[in-house]
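Each remark here refers to the structure printed beneath this line.
The values are calculated or read from the model by the stated rules, or taken from the named source; none is laboratory data. Since the model is a prediction, treat every value here as computed from it, not as a measurement. Don't worry about glycine lacking a Cβ; one is built from the backbone with ideal geometry, like all the others, and counts go over all protein chains shown.
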Amino acid sequence: MTEQTISTQQDAATAASNQRKVFIKTYGCQMNVYDSERMGEALAADGYQQTEEIEDADLILLNTCHIREKAAEKVYSALGRYRELKARRLKQGRETLIGVAGCVAQAEGEEILRRAPDVSVVIGPQTYHRLPEALQKAKAGQRIVDTEYAVEDKFDYLPKKERSAQPKNVTAFLTVQEGCDKFCTFCVVPYTRGAEVSRSRQQIVDEARRLAENGVREITLLGQNVNAWHGSGPDGADWGLGELLFDLADVDGIERLRYTTSHPRDMDERLMEAHRDLPKLMPYLHLPVQAGSDRILKAMNRRHTAEEYLALIERIRQARPDIALSGDFIVGFPGETEDDFQATLDLVEKVRYAQAFSFKYSPRPGTPGADMKNHVPEDEKADRLQRLQAMLTQHQLEFAQSRIGMEMDVLLEKPGRQAGQLIGRSPWLQAVVLDGAGAAIGEMVRVRIVDATANSLAAQRI
Ligand code: SAH
Ligand code: SF4
Ligand code: F3S
């Protein structure tokens with residue numbers, strides 16, 4: 001080895017040890033997962049390498065969620081724990097910056113600086129492209145709060161090229177729409193994410209192409225209200241999500257499309273046609289209803305009845321008979337009686353969801369629900385949640401078991417827990433475990449399902 005190469009290696013080693021490191025922790029929904037990836041890329045362009053070891057981090061960034069009470073409390077308790085860590089690192093002569101991003105940052109703003117003295121940057125979901133600048137100021141000793149709804153579009157400013165430098169993933173999220181104008185009375189999202197904004201068709205298609213070039217085979221389009229996406233086609237015509245899906249189905253290399261989360265009010269005819277005509281659009285739809293009682297739906301400002309929701313599902317099933325539904329539910333919304341709750345169980349029994357998420361109502365400051373009368377006692381909420389979940393889990397298991405003996409395509413995503421195993425996804429988003437002999441991650445393989453639990457399927461190749 002020549003001296004030249006030795007010193008180059010030493011330089012590289014010194015550079016590596018000098019390189020700043022960021023630890024990013026993500027809470028909440030897929031939109032936050034997507035945003036964390038984008039922030040990671042913006043920070044990489046600024047010289048930060050990501051680490052899984054919080055002790056090594058020069059920057060700790062929490063991307064937070066405000067949807068339920070416990071979500072915000074988790075953030076404050078994590079921030080409490082970082083105090084010691086920061087002090088410990090300081091003794092070793094290492095500085096630690098702590099930043100809070102996401103929906104708690106948007107909702108609490110300055111309050112975070114008051115409650116958590118070690119935090120130096122608070123940045124809302126619409127201003128992530130300004131993160132490197134905020135960190136510069138923080139390093140100079142300032143404490144920054146940036147929770148404006150920026151006039152410029154963060155997606156125009158976040159780095160694009162670096163996305164291709166990412167380790168290869170088979171599946172990817174792609175945010176197409178942000179914010180919400182629906183104002184369900186229980187929900188903070190319209191306040192934390194602001195008004196509905198759609199990214200342009202061109203931006204989305206370009207990003208989908210870049211992802212495909214990098215080996216991505218399945219894209220999930222994201223939006224708080226994804227089916228409210230609207231834009232204009234190449235000829236200037238108004239486009240909705242259905243039309244966009246037809247366009248994305250033409251991107252070479254993309255074999256599967258999904259989208260989430262949709263609102264029942266925005267399921268239009270073209271979207272139904274997409275489900276009917278696009279084999280690449282997977283037969284799985286997350287379509288939250290929240291409750292089955294019309295009185296409660298009205299109080300929640302969902303703006304549809306239980307019957308309208310069931311009729312909609314009927315139409316979707318006509319368009320795509322093998323479609324499976326998933327949903328979200330809230331139990332114990334203010335004023336919910338045992339009869340109202342029974343209506344939720346009745347609706348669930350009719351729809352038979354393949355998967356579902358259910359929550360106890362959590363009053364969020366600033367939302368109309370929080371100021372309503374007749375809040376349901378906690379023990380009653382817990383009891384209802386338990387009864388609802390028992391039914392949902394049973395249906396999920398029955399759906400999984402109905403796949404036994406079926407042949408299907410599985411997109412292989414990652415190695416399994418045991419040697420030789422690979423894990424993929426069924427068209428219905430179920431995890432599928434199979435003996436990986438002769439197959440590779442990223443491949444679509446034909447399998448037969450041989451066993452099922454509520455959470456995963458076991459398969460053999462055919
Ligand atoms: N945009 C989506 C939901 C986003 S929030 C939609 O319209 O369905 C994800 C889920 O969290 C909601 O569907 C709801 O079930 C739950 N959720 C929202 N606010 C809540 C609250 N205050 N208490 C309990 N659950 C809540
Ligand atoms: Fe929240 Fe309702 Fe908007 Fe969904 S549609 S994000 S539940 S306000
Ligand atoms: Fe949570 Fe914000 Fe998503 S409140 S669910 S992270 S939009």
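Checked against (1) surrounded by fewer than 20 Cβ atoms within 10 Å (Cβ to Cβ); (2) under 30 Å from Ala208 (Cβ atoms); (3) at pLDDT below 95; (4) within 16 Å of ligand 3 (Cβ to nearest atom), Lys25 meets all criteria but (3). Just to be sure before I move on: is Leu221 crowded, with 19+ Cβ neighbours inside 10 Å, in a strand (DSSP E or B) and within 16 Å of ligand 2 (Cβ to nearest atom) in the structure I sent? Yes. Could you tell me how many of the residues in the stretch 116-149 are within 23 Å of Glu73 (Cα to Cα) and in contact with a Phe, Trp or Tyr (Cβ under 6 Å, 6 or more places away or on another chain)? The number of residues fulfilling the criteria is 1.
Contact annotation: residue pairs with Cβ atoms under 7 Å, 6 or more positions apart or on different chains, pairing a residue in the stretch 173-202 that is free of Cβ contacts under 8 Å to residues at least 60 places away in the same chain and of a type in the set (S, T, N, Q) with a partner that is within 11 Å of ligand 2 (Cβ to nearest atom) and in a helix (DSSP H, G or I), are Gln177/Val226; Gln177/Ala228.
Of Arg364, Arg461, Arg425, all but one fail to be surrounded by fewer than 18 Cβ atoms within 10 Å (Cβ to Cβ) and not polar (S, T, N, Q); the exception is Arg461.
Give the residues of the stretch 86-103 that are at negative phi, of a type outside the set (S, T, N, Q) and either over 29 Å from the mean Cα position of the chain (by Cα) or within 16 Å of ligand 2 (Cβ to nearest atom) (or both), sorted by residue number. Of everything in the stretch 86-103, those that are at negative phi, of a type outside the set (S, T, N, Q) and either over 29 Å from the mean Cα position of the chain (by Cα) or within 16 Å of ligand 2 (Cβ to nearest atom) (or both) turn out to be Lys86, Ala87, Arg88, Arg89, Leu90, Lys91, Arg94, Glu95, Cys103. Taking every residue in the stretch 46-68 that is on the phi > 0 side of the Ramachandran plot and not assigned by TED's automatic domain parsing to the domain that holds Lys360 and pairing it with any residue that is more than 16 Å from ligand 2 (Cβ to nearest atom) and not polar (S, T, N, Q), at least 6 positions away or on another chain, the pairs with Cβ-Cβ distances below 8 Å are Gly47/Arg20.
State all residues of the stretch 216-239 that are of a type outside the set (A, V, I, L, M) and either within 21 Å of the chain's Cα centre (by Cα) or on the phi > 0 side of the Ramachandran plot (or both); if no residue qualifies, say none. Result: Arg217, Glu218, Thr220, Gly223, Gln224, Asn225, Asn227, Trp229, His230, Gly236. The residue list Arg295, Arg320, Arg303 contains one member that is more than 21 Å from the chain's Cα centre (by Cα) and either more than 25 Å from Gly332 (Cα to Cα) or aliphatic (A, V, I, L, M) (or both), which is Arg320.
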